[in-house]
Amino acid sequence: MNNKDMPAFPASFSQDSSGLTTREYFASSALQGLLSIFNEDGGYHIVPNEENAVYMAKLAVKAADALIAALADSEV
């Protein structure tokens, strides 16, 4: 099993590996940051629509994959 497929928050008391994978957790964190630009109080005036949402979701997954690759490269 690759690191990206490992549980983000494994429970040592259970054999059940349900829940978010590391990749899903990183992607959701990245997406949260990307979606924050829709906050008009921050001075951004981007209209949230389906096209923007799909783009940001794909970008979040790419960012998660890049982070996993960077972490793998830095392992000793």
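Some observations on this one:
- Summarising the amide proton neighbourhood of THR21: residues at separation of 5 or more, or on other chains, whose placed amide H is nearer than 5 Å comprise ALA8.
- Approximate spin-label separation ALA69-PHE9, in nm, with each point projected 7 Å along Cα-to-Cβ: 2.9 nm
Every read-out reported here was derived from the displayed coordinates using simple, explicitly stated rules and does not represent laboratory data. In this text, all values refer to a predicted model and were calculated from it rather than measured experimentally. All Cβ positions, even for glycine, are placed from backbone atoms using ideal geometry, and neighbour counts span all protein chains on display.
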